Amino acid sequence: MTIKGKAYIAGAFEHPTRHAPDKSVAQLHAEVALGALADAGLTRDDVDGYFCAGDAPGPGPATMAEYLNLTKLRHVDSTELGGTSYVALAGHAAAAIALGKCDVALITLAGRPRSEGMATGTTPRLRDPNQPEAGFEFPYGLTTANGYAMCAMRHMHQYGTTSEQLAWIKVAASHHAQHNPNAMLPDVVTVADVVASPLIADPLHRLDCCVISDGGGALVIVRPEIAKSLRRPGVKIVGAGETVKHLAGGTFDLTTSGAARSGAAAFAEAGVKPTDIKYVSIYDSFTITVLIQLEDLGFCAKGAGGKFVSDGNLISGAGKLPFNTDGGGLCNNHPANRGGMTKVIEAVRQLRGEAHPAVQVKNCDLALAQGTGMQLGTRHCSSTLIMERE
Amino acid sequence: MTRPLVRPPRKNPILRTRLPTLPPAARSRVALGLTAAAARGRFELQVCRDCGTVQYPPREACRACLSPRLDWRVQDGNGELVAETTLRHSHELFFRERMPWRLGLVKLDSGPLVVAHLHGDCAAAPTRVRVRAHLDRAGQAALVALPDKDTPHMADDRELRELTCDPKFRKVLVTDAKAPLGQALVEALVDAGVDLVWAGEAEPWKKPPGFERIKALPQVAVVPLDLTDSRAVKQLAGEIGGRVDILINNADHHRNFGIAARDGIETARAEMDVNYFGLLRLAQEFAPAMRARGADGQSSAVAWVNVLSVFALSNFPPHGTYSASKAAALSLAQCLRAELAPTGVRIVNVFPGPIDDEWNQTLPPPKIAPARLAADIVAALRGGAEDVFPGNVAQDWLERWRDNPKALERELAAMPQP
């Protein structure tokens with residue numbers, strides 16, 4: 001049993017807003033839902049599967065299903081994997097469609113951390129005392145940024161990675177963002193700019209961190225027959241993988257992410273290898289997040305990531321592996337502090353040939369979206385999605 | 001290398017005193033096992049009785065075999081710092097006011113990988129470190145990684161000082177400083193580098209040996225303080241209450257009677273008046289000012305020490321009414337701890353066994369010497385504990401009490417009456 005070729009991404013929509021103090025989170029969900037359905041050429045009445053994660057107001061899928069007034073639902077899924085949830089939910093939607101549980105799946109994400117004044121990257125996490133690890137991380141002041149920072153520190157120690165090499169990831173993202181009219185940070189930056197920006201959590205600088213933005217995004221995933229009836233370029237889901245990586249009682253390896261496992265599963269299901277991939281969307285909460293995931297997916301050897309990302313190798317048109325051509329979370333958008341959705345959306349744009357002409361990858365027929373959620377340094381979820389142009 | 005602390009400048013009376021903030025305090029019930037051990041100055045983790053796996057964070061079932069048979073065991077805390085980072089931006093007020101703040105991940109030799117505060121003298125990762133459990137300002141256990149070997153002035157480290165109540169450059173009030181333990185405390189505090197000790201004197205006409213020498217020390221100021229006199233306590237609090245950083249209540253009224261050995265309640269009332277009501281009077285007058293000064297700079301109000309007795313845990317019938325007064329004081333100290341919790345001021349309860357003084361003359365050794373007890377109290381202030389059981393007798397009682405309080409009660413009842 002496989003999901004390969006069983007479902008198509010028919011609609012994708014990224015909310016253009018980056019600051020929405022006048023909108024509610026539910027309203028943003030509704031706006032992106034309508035946007036993605038319009039993109040697909042479908043209506044709310046066609047939706048019989050609804051997928052959301054922790055950003056959706058209310059318990060599980062119920063509140064948003066009511067707000068969106070989805071009346072024909074026969075399959076729901078609110079799996080929470082942190083920021084990468086939507087990469088995984090796209091795979092879940094494909095699986096549900098493959099099993100005949102639904103025909104038209106809607107996935108929504110929205111949030112307004114910027115309007116709500118919530119600088120999540122430096123806000124300590126884990127407030128629920130019932131969570132077993134709750135009392136053992138945040139009392140130390142450990143923020144999201146610090147957790148990722150320690151991975152970077154360890155990577156530098158083990159493999160000699162430098163701040164300048166990490167900076168190249170931000171530089172590449174900024175080269176892409178200059179062409180995105182909605183990007184929060186459209187200015188091109190240099191390696192020197194990144195390493196000269198203030199330290200947030202040693203060794204990560206401010207420009208190693210993603211933006212905090214309001215907004216959202218949605219995907220519509222459908223059965224092949226429905227996809228063929230719609231007048232949109234076909235984007236077929238061919239492989240998906242997900243996993244959880246945690247401290248494992250102390251056997252944790254700070255420089256390897258769950259992408260090693262979720263990526264291998266997705267490649268195996270799709271029957272392709274890293275060298276076949278034309279474009280990658282890689283979750284970029286911090287520069288180090290990108291570097292570790294690229295290694296774990298097999299785009300370069302473990303430890304060689306610093307060299308791999310240097311000298312513009314991730315810049316579309318200039319380098320070998322164009323990534324995050326919308327500017328990614330580092331420059332464009334990180335709605336609800338969750339970057340998984342926009343990763344899939346930009347991959348869809350690339351496969352459809354609808355990316356900005358300055359960053360469009362030539363003959364882009366195979367793309368990969370990869371995300372990690374929660375805290376890279378202690379415990380995180382990882383999911384990988386491989387998509388093919390029909 | 002830690003820079004030695006310099007004497008803080010005099011406080012500017014124009015500036016507002018900052019209100020105390022606390023590190024995050026929420027813990028699950030099982031996680032409080034770490035706090036229970038840290039309260040006694042120990043670093044304990046759960047060890048699986050079935051497969052021997054060391055657990056972290058604390059949990060209800062073994063991570064290796066899911067057995068529920070987990071026992072708290074003392075850890076040596078040795079391990080390797082595998083990665084470190086520095087907090088330079090935070091929305092948690094406690095840390096925001098104290099940045100930059102160093103923290104790291106330590107791989108303990110016993111297995112687990114733990115998050116810990118990082119002493120400034122720890123070398124860059126990877127390096128060997130010693131992990132200790134301290135109570136933090138919120139009263140919860142926090143792990144701190146210290147350098148492998150002691151370094152000069154390491155107690156002066158900014159992060160470590162946030163986890164301790166080091167008397168250095170602080171102002172301390174000792175009640176009944178004339179008693180043998182009081183004198184030993186004043187001397188130990190002066191040696192520990194205090195700024196000033198107010199030596200409370202209840203009975204000015206008494207001239208005990210040694211007190212003239214203590215009085216002559218330049219850091220010592222004798223103040224009148226009779227804990228049975230509410231007005232005297234109020235008056236002294238009005239004069240010095242706003243400056244006391246550490247209060248050590250050493251006042252003690254001790255007689256050797258059970259119930260049948262003495263007619264009437266006068267002796268018991270006198271014990272209660274000093275040991276219980278004395279603490280209550282002190283707390284009512286001195287705690288409010290300390291409460292406001294939990295974050296008053298480098299030498300903020302940090303600790304309140306009660307010298308109780310191990311008899312407070314279980315009645316020692318030959319000293320029956322005395323035990324009862326100490327049990328009452330222990331109960332009140334718990335109330336004081338709860339009321340001072342939001343301010344970060346730590347209540348340190350000290351539970352000595354019999355002290356080698358006149359009122360324990362007829363008890364056979366071992367008895368704890370006042371100088372040794374004073375040294376243990378100062379060490380507790382420099383450490384991270386809140387319940388101190390100094391000396392072999394206290395440790396032995398504690399172990400028996402933790403193992404089976406009913407058995408201890410029977411053992412004490414069976415002891416011969418003197």
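The values are calculated or read from the model by the stated rules, or taken from the named source; none is laboratory data. Nothing here was measured: the structure is a model prediction, and the numbers come from that model. Every residue, glycine among them, receives a Cβ derived from its backbone with ideal geometry; neighbour counts consider all protein chains shown. Just the protein is used for accessible areas: all its heavy atoms, side chains included, with ligands, DNA and RNA removed. Shrake-Rupley method; radii C 1.70, N 1.55, O 1.52, S 1.80 Å.
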Do we find a residue being open to solvent by less than 70 Å² (accessible area, probe 1.4 Å), of a type in the set (Val, Ile, Thr) and assigned to a helix (DSSP H, G or I) anywhere in region B:230-240? yes
Residue check, B:Gly104 touching a residue at least 12 places away in the same chain (Cβ under 8 Å) and on the phi > 0 side of the Ramachandran plot: no
Among the residues of region A:315-344, which ones are polar (S, T, N, Q) and under 12 Å from the mean Cα position of the chain (by Cα)? A:Asn324, A:Asn333, A:Asn337, A:Thr342
Among residues belonging to region B:268-312 that are modelled with pLDDT of 95 or more and hydroxyl-bearing (Ser, Thr, Tyr), point out the one that is nearest to the chain's Cα centre (by Cα). B:Ser309
Which residues, counting only those in region B:107-142, are facing chain A (nearest Cβ under 8 Å) and in a loop (DSSP other than H, G, I, E, B)? B:Gly111, B:Pro112, B:Ala125, B:Pro126, B:Asp136, B:Ala138, B:Gln140
Which of the residues that make up region B:321-344 are among the small types (Gly, Ala, Ser) and either open to solvent by less than 10 Å² (accessible area, probe 1.4 Å) or without any contact (Cβ under 8 Å) to a residue 40 or more places away in the chain (or both)? B:Ser323, B:Ser325, B:Ala327, B:Ala329, B:Ser331, B:Ala333, B:Ala338, B:Gly344
For A:Met1, which of the numbered conditions (1) in a helix (DSSP H, G or I); (2) more than 13 Å from A:Ala110 (Cβ to Cβ) fails to hold? (1)
Count, please, the residues in region A:8-25 that happen to be over 19 Å from A:Gly340 (Cα atoms) and of a type in the set (Gly, Ala, Ser). 2
Filter result (exposed (fewer than 13 other Cβ atoms within 10 Å of the Cβ), touching a residue at least 60 places away in the same chain (Cβ under 8 Å) and part of a loop (DSSP other than H, G, I, E, B)) within region B:359-418: B:Thr362, B:Met415, B:Gln417, B:Pro418
Scan region B:84-100 and tell me whether some residue there is touching a strand residue (DSSP E or B) at 6+ places or on another chain (Cβ under 9 Å), under 17 Å from A:Glu137 (Cβ atoms) and more than 8 Å from every other protein chain (Cβ to nearest Cβ). no
Which one of these does B:Ala145 not meet: (1) surrounded by 24 or more Cβ atoms within 10 Å (Cβ to Cβ); (2) outside any strand (DSSP E or B); (3) touching a residue at least 60 places away in the same chain (Cβ under 8 Å)? (2)
Got a sec? Which of A:Ala33, A:Ala88 is open to solvent by less than 30 Å² (accessible area, probe 1.4 Å) and in contact with a Cys (Cβ under 8 Å, 6 or more places away or on another chain)? A:Ala88
Which residue pairs have Cβ atoms under 9 Å apart, sit 6 or more places apart or on different chains, and have a first residue in region A:200-216 that is at the interface with another protein chain (Cβ under 9 Å from one of its Cβ atoms) and in contact (Cβ under 8 Å) with a residue 12 or more places away in the chain and a second that is surrounded by fewer than 23 Cβ atoms within 10 Å (Cβ to Cβ) and basic (Lys, Arg)? A:Ile200/A:Arg206; A:Ile200/B:Arg88; A:Ala201/B:Arg88; A:Asp202/B:Arg88; A:Asp202/B:Arg102
If I filter region A:116-137 down to residues being at the interface with chain B (Cβ under 7 Å from one of its Cβ atoms) and modelled with pLDDT of 75 or more, which single residue comes out as nearest to B:Pro100 (Cα to Cα)? A:Glu137
In region A:369-380, the residues that are open to solvent by less than 10 Å² (accessible area, probe 1.4 Å) and away from chain B (no Cβ under 14 Å): A:Ala369, A:Gln370, A:Gly371, A:Thr372, A:Gly373, A:His380
Residues being surrounded by fewer than 19 Cβ atoms within 10 Å (Cβ to Cβ), within 11 Å of chain A (Cβ to nearest Cβ) and in a loop (DSSP other than H, G, I, E, B) - total across region B:20-54: 4
If you go through region A:248-295 one residue at a time, how many are within 14 Å of chain B (Cβ to nearest Cβ), open to solvent by less than 20 Å² (accessible area, probe 1.4 Å) and of a type outside the set (S, T, N, Q)? 6
Conditions (1) closer than 20 Å to A:Arg112 by Cα; (2) open to solvent by less than 10 Å² (accessible area, probe 1.4 Å) -> A:Ala336 fails only (2)
B:Ser314 passes all but one of the listed conditions (1) open to solvent by 10 Å² or more (accessible area, probe 1.4 Å); (2) among the hydroxyl-bearing types (Ser, Thr, Tyr); (3) part of a helix (DSSP H, G or I); the exception is number (3)
Of A:Gly11, A:Gly100, A:Gly60, which residue is touching a strand residue (DSSP E or B) at 6+ places or on another chain (Cβ under 9 Å) and either open to solvent by 50 Å² or more (accessible area, probe 1.4 Å) or in a loop (DSSP other than H, G, I, E, B) (or both)? A:Gly60
Only one of (1) more than 11 Å from chain A (Cβ to nearest Cβ); (2) surrounded by fewer than 21 Cβ atoms within 10 Å (Cβ to Cβ); (3) on the phi > 0 side of the Ramachandran plot fails for B:Asp176. Which number is that? (2)
Looking at B:Ala199, B:Ala221, which is the one that is open to solvent by 30 Å² or more (accessible area, probe 1.4 Å), touching a residue at least 12 places away in the same chain (Cβ under 8 Å) and assigned to a strand (DSSP E or B)? B:Ala221
Output yes when any residue across region A:286-304 is of a type in the set (Ser, Thr, Tyr) and part of a loop (DSSP other than H, G, I, E, B), and no when none is. no
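Take the residues of region B:63-72 that are surrounded by 16 or more Cβ atoms within 10 Å (Cβ to Cβ) and more than 7 Å from chain A (Cβ to nearest Cβ): which is nearest to A:Leu142 (Cα to Cα)?
Taking the candidates together, the pick is B:Trp72.
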The one condition A:Ala196 fails out of (1) open to solvent by less than 60 Å² (accessible area, probe 1.4 Å); (2) more than 9 Å from every other protein chain (Cβ to nearest Cβ) is (1)
Region A:36-57 - residue that is open to solvent by less than 10 Å² (accessible area, probe 1.4 Å) and over 20 Å from the mean Cα position of the chain (by Cα) and, of those, farthest from A:Thr108 (Cα to Cα): A:Ala40
A:Lys307 vs. criteria touching a residue at least 60 places away in the same chain (Cβ under 8 Å), within 14 Å of A:Trp168 (Cα to Cα), open to solvent by 30 Å² or more (accessible area, probe 1.4 Å) and not hydroxyl-bearing (Ser, Thr, Tyr): yes
